[in-house]
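Let me begin by presenting the structure, written as structure tokens, before commenting on it.
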Amino acid sequence: MGLHVPESHTNFVWLGLGEHTAAFADACREAGVRVKAFPGEGARITVGEPEAVELVIAVASRVPGAAHERTSCRSPQER
């Protein structure tokens, strides 16, 4: 899918989705994945169980623009 996910010691990842943030966040919420959306910037996704990780991957593969965005473990406020 082209996602780069840095090593993390937390239970969340950051996807810099830009204009695709709202669509991705809505799809995640519908799938039961906790997401904190930052409009126009990206989404902080909270995951823990392996099933949740698989759900995030499935959602990202369906949302245009989500599958090829850079990821980070820090939201804009934490940078």
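The values are calculated or read from the model by the stated rules, or taken from the named source; none is laboratory data. Just so we're clear, the structure is a prediction, and the values are computed from it rather than from any experiment. For neighbour counting, all protein chains shown are included, and Cβ atoms are generated from backbone atoms with ideal geometry for every residue, glycine included. The accessibility values were calculated without ligands, DNA or RNA, using every heavy atom of the protein model including side chains. Shrake-Rupley method; radii C 1.70, N 1.55, O 1.52, S 1.80 Å.
Scanning region 19-46 for residues that are touching a strand residue (DSSP E or B) at 6+ places or on another chain (Cβ under 7 Å), outside any strand (DSSP E or B) and open to solvent by 40 Å² or more (accessible area, probe 1.4 Å) turns up A22, R29. Pairs meeting the criteria (first residue in region 35-54 and under 12 Å from A25 (Cα atoms), second residue in a helix (DSSP H, G or I) and among the charged types (D, E, K, R), beta carbons under 7 Å, at least 6 apart or on different chains) are V35/R29; G40/E19. Determine if region 3-18 includes at least one residue that is under 14 Å from G65 (Cα atoms), modelled with pLDDT of 85 or more and open to solvent by 80 Å² or more (accessible area, probe 1.4 Å). Within region 3-18, none of the residues are under 14 Å from G65 (Cα atoms), modelled with pLDDT of 85 or more and open to solvent by 80 Å² or more (accessible area, probe 1.4 Å).
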